[in-house]
Each structure stands twice: as C-alpha cells, then as structure tokens.
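Please read through the structure below; I'll follow up with questions.
The values are calculated or read from the model by the stated rules, or taken from the named source; none is laboratory data. The model shown is predicted, which means the values in this text are computed figures rather than measured ones. Note that we place each Cβ from the backbone using ideal geometry, even for glycine, and neighbour counts take in every protein chain shown. Remember, those area values only see protein heavy atoms, side chains included, never the ligands or the DNA or RNA. Shrake-Rupley method; radii C 1.70, N 1.55, O 1.52, S 1.80 Å.
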Amino acid sequence: MSLHEKISSLVESKRDASIQLSDAIWAVPELHFQEKKSVQYIKAALEKEGFATEIGIAGLDTALVGTFGSGKPVIAFLGEYDALPGLSQKGGATNHEPLEDGGSGHGCGHNLLGTGAFAAAVAVKDYLEQNNQSATIRFYGCPAEENGSGKAYMAKAGIFDDVDIAISWHPGTFTTVMTCSSLANYAATFKLTGKSAHAAAAPHLGRSALDAVELMNVGVNYLREHIIPEARVHYAVTNTGGTSPNVVQPYAEVTYLVRAPKKHQVQEIYQRVKNIAKGATLMTETSLEIAFEGAASNLIPNKTLYDAMQKQILDLGMPTYTIEDEQHAQAIFNTFSPEIQATSLIGLKKDDVAQLQGKVIANHIPSVLPEFILGGSTDVGDVSWNVPTVQCTTVCMALGTPLHTWQVVSQGVMPIAHKGMLQAAKIMACTAVDLIDNPALIEEAKKEWKERLDGETYVSLIPEGTLPPKF
C-alpha cells in the first residue's frame, strides 16, 4: 500500500468524527479572541486522540497546543477557528438567509481550516504509531486570524522556536499549493477627543473630534499618491461621536489598516499616517490616543516545501463530486454577479482555463503558478519568519465564491466543503510523513528559508508591552 493510500485510509477512518467537529465549530461562530467553545471542542478531540494539550498559551485565552510524540523533527499543523461578524447564514441555503440578524458566521471557512489541520495531525500520529516511528507532532490552535493576528502574538512569545516545519491550508475554489507571499499589515484605531458645544448657539466653544477624523482621512487620501503602488491603506470611521448635527462632536474614532509587501514598508507608511493624525489634532485643537489592533508579517514562501506538497496533491488527485454537489454549486454560482462569474478563472494558465471552462466545481488540479504577492494578509506570515512554512488550498466551495460572504458560510457544512477539508488533511499529512521520512528535504527547506531571509531576523510588528485583548 502506498503512502497516499495509507494516509487516505487513516483520514477516512475518522471521516465522521472530523465532519462532526467541523460542523460543531460552524454552529458556534465566535469572533476573534472569543473562540471559547470552538477551542474546547478541538481540545477535547485532541485529548481523545492521545495528544497532551495546553490552552491559554502566549497570553491568549483561546490559543492551544496539542502535542504527540517526542524527538525530531517537530512538525506543526496550524489551525484556525474564528468567524466573521455580520455573516450569519443558514447552512445549505442558496439565498441570503441569516440565522440571526447581525450574527456571526464562518465566512472564511475556518471551521474547516481548524478541523482539517486537526485531522492531518491525527493521521500522522496514527501513521507513526502503526509504523513504530518517532517524531513530535503538534497542532497549534491559533485564534484571531481575521482580526487581531493571534499567530503574531504566539510567534512573538517564541511558541514556534523549536519547530522544524509548519504546515497549513485554506479553504478555497481550487486545489493547489500556495506559492505566494502576502502583504504585511498594521492596524490601529485613532481615538480623537475634543470638546462638545451647541453647534448653533456656541460653536466657537467646541472642538470637533469628528472634524479631526475627517481631516485625517483627507490627509491620508493625499498621502496615497506618495507611497509605493503595492501598498494599501484602508480605513473605517467606527465612531462619529453621535447622531445630532446640532452638536459639536467631542469624540470620534477611525480605524486604519496599512498593508505593504515588506514589514519595514508598513512601518514607514504607518508612521506617516500617525503624523497626519497628529496634524489633524493640531488643526482642530483635539487630543489623540492610538490603540493597536493587530499586525502581521509578510509570508515567506518556500519552493522546496511547496514542490514537495504539490507532488502529494497530484498523487492524491481530486475527490469525486456527485450530481447533488454540482447542482448546489450551480445554485450558489447563480447568486454571483456577472462580474464575479467572469473572474472565476482569472489567474490560471490557458490550458487550465480550458479544462475548467463552463464548470462550477474545479475538479481539475491547475498548474502551479509562479510566485506572486497575494493581495491580502495572513498571520501565517509571522510563523514563516520563524520556521519554513508551506500551505495549500483545496476546493471547498463553488468556483468564483468570494471569501467573507454568506455564500461561504452556506457551503461550509455541505459535502463539497467536507470533501475539501478531508482532501487538505490528506495532502498535509502526506507532506508531513514525506518530510519525516526524508530529513534531507527538511534541511534543504531550512537552507532555502535562511537564504530568503537574507540575514534578517524576526522582529514582531506588535508594539512592546502590548497584551492580547481579553473577553
């Protein structure tokens, strides 16, 4: 029996338990740093499989490490389980049907992500036991990927320092290895305080915090012309100070998110944003308080590892999809605008587009793309600065499905999602065993990792003395 057959058999033998765990997390969508039920579900599942667990690591109440085995190499599987606000949705529905108005939902598929990583760790544990081999297998339960960057706190605390290889994945619309870097980011809330006054009777006595926020936003918008084109600066006014236009608003808040390909670029742009905020306070005679919200480093790719993982992807192949899978995916696809439908195959090579044209489930494994910079950010980047890291994505939803939407939540408990989750577990587990059996491959990955860092050492973007939020 081949490695792929052995691992597939191990994953499939616990298929029902994995699906039940994923669906249980889906049913209790919890926001960043608040994943108290989800982490307990995973903790119990790990302990049932013989893993020693530790919860509350790195000062994070909902961070978890599960460990099995001993000795080298130390292989880490990264799991997430935080949800998104405002995305409550009935599972399987093909129209927008919230379960709870304003409620949360797993709009990025982290119920699948965490469970898939768990299933991979368990499969490797079972394989080592069956073959009388030794290694240390760890499952890292990482909170707040969506907002707060839990892995950045964990990396800053040295949680990954003795790890040899880190492996993760993400639900998506294609099955492929990730060859991308990502944008580093930094988020902060600017809290402006002024002085209230009657806007008609005594406007001269007021100092408007809302004016300061608006002036800051104008200044940052002028800044955009003078930063590198790859950078992104987003903002949201999160508190306008009130709803009455006849009051000079004494308090207002705006949250900024700065992204750029490199950490030092983010830091430089953020300092300029801070200077603009200070200028706005001078113009309005208001005061400023800045609250750190989260930060993530850029992702360091590793060709040695993603070539090794791609081999496992090709050897394992794709799941089989039923007529019911196709029909549900078609119904979901029909909810997308023509513009989204038209972009569902963008970025693929011509031959792959030809293979997938007219389909609503990507049942074909596309060619590996050249390395590129992902337009988004991930706190997996902080892990990759500390240890060689590899990720894949698998088909868990209909072609064209944008992340952070109700359509992702709806599909998160459907067979297409479960099949993609278990496929990811097999890919990650096969990759881990291949590395354990080939220590030279691990050393090659470490050599490449050091070369890519080019002498730079990891410095967290989290300000010194900053503690994770408590809920």
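Identify, please: which residue in region 171-184 is in contact with a Leu (Cβ under 6 Å, 6 or more places away or on another chain) and either part of a strand (DSSP E or B) or of a type in the set (D, E, K, R) (or both) and is, among those, surrounded by the fewest Cβ atoms within 10 Å (Cβ to Cβ)? Break it down stepwise before answering.
Let us first name the residues in region 171-184 that are in contact with a Leu (Cβ under 6 Å, 6 or more places away or on another chain), namely 171, 173, 179-182.
Filter once more, keeping what is either part of a strand (DSSP E or B) or of a type in the set (D, E, K, R) (or both): 171, 181.
On the way: Pro171: 26, Ser181: 19.
Among residues in region 171-184 that are in contact with a Leu (Cβ under 6 Å, 6 or more places away or on another chain) and either part of a strand (DSSP E or B) or of a type in the set (D, E, K, R) (or both), the one surrounded by the fewest Cβ atoms within 10 Å (Cβ to Cβ) is Ser181.
From the set of residues in region 187-225 that are in a helix (DSSP H, G or I) and small (Gly, Ala, Ser), which is most open to solvent (accessible area, probe 1.4 Å)? So that I can check it myself, show each step before the final result.
To start, the set of residues in region 187-225 that are in a helix (DSSP H, G or I) comprises 203-205, 209-225.
Within this subset, residues satisfying the condition of being small (Gly, Ala, Ser) are 209, 212, 219.
Working: Ala209: 0, Ala212: 1, Gly219: 22 Å².
Among those residues, the one meeting the criterion is Gly219.
I would also like to ask the following. Pick from Lys263, Lys278: which is of a type outside the set (Val, Ile, Thr), open to solvent by 10 Å² or more (accessible area, probe 1.4 Å) and over 30 Å from the mean Cα position of the chain (by Cα)? Outline the logic, then answer.
Numbers: Lys263 fails: over 30 Å from the mean Cα position of the chain (by Cα).
After applying the criteria, what remains is Lys278.
Those residues that are open to solvent by less than 10 Å² (accessible area, probe 1.4 Å) and either more than 11 Å from Ser168 (Cα to Cα) or assigned to a loop (DSSP other than H, G, I, E, B) (or both), I need them from region 385-394; list them, please.
Val387, Pro388, Thr394
Does Thr401 count as within 18 Å of the chain's Cα centre (by Cα), modelled with pLDDT of 95 or more, under 20 Å from Leu78 (Cα atoms) and not in a helix (DSSP H, G or I)?
Working: within 18 Å of the chain's Cα centre (by Cα): yes; modelled with pLDDT of 95 or more: yes; under 20 Å from Leu78 (Cα atoms): no; not in a helix (DSSP H, G or I): yes.
So Thr401 fails the test.
Six or more apart or on different chains, Cβ atoms under 8 Å: show the pairs whose first residue is in region 39-56 and among the basic types (Lys, Arg) and whose second is modelled with pLDDT of 95 or more.
Between residues of region 39-56 that are among the basic types (Lys, Arg) and residues that are modelled with pLDDT of 95 or more, the close pairs are Lys43/Thr53; Lys43/Ile55; Lys43/Leu64; Lys43/Gly66; Lys43/Gly141.
Any residue in region 230-248 that is farther than 24 Å from Arg272 by Cβ, among the hydrophobic types (A, V, I, L, M, F, W, C) and in a strand (DSSP E or B)? Show your work before the answer.
Residues of region 230-248 farther than 24 Å from Arg272 by Cβ: 240-248.
Narrowing the set further to residues that are among the hydrophobic types (A, V, I, L, M, F, W, C) leaves 247-248.
Checking the rest, the ones that are also in a strand (DSSP E or B) come to 247-248.
Scanning region 230-248, I find at least one residue that is farther than 24 Å from Arg272 by Cβ, among the hydrophobic types (A, V, I, L, M, F, W, C) and in a strand (DSSP E or B), so the answer is yes.
Another question about this same structure. Of all helices (runs of 4 or more DSSP H) completely enclosed by region 1-78, which ones contain at least 1 residues that are over 28 Å from Gln310 (Cβ atoms), of a type in the set (Asp, Glu) and under 20 Å from the mean Cα position of the chain (by Cα)? Before the answer, list the steps.
Details: elements: 3-13, 15-26, 36-48.
Answer list for region 1-78: 15-26.
Looking at Met283, Met318 in this structure, which one is outside any helix (DSSP H, G or I), farther than 23 Å from Gly376 by Cα and among the hydrophobic types (A, V, I, L, M, F, W, C)?
Working: Met283 fails: outside any helix (DSSP H, G or I).
Residue meeting the stated conditions: Met318.
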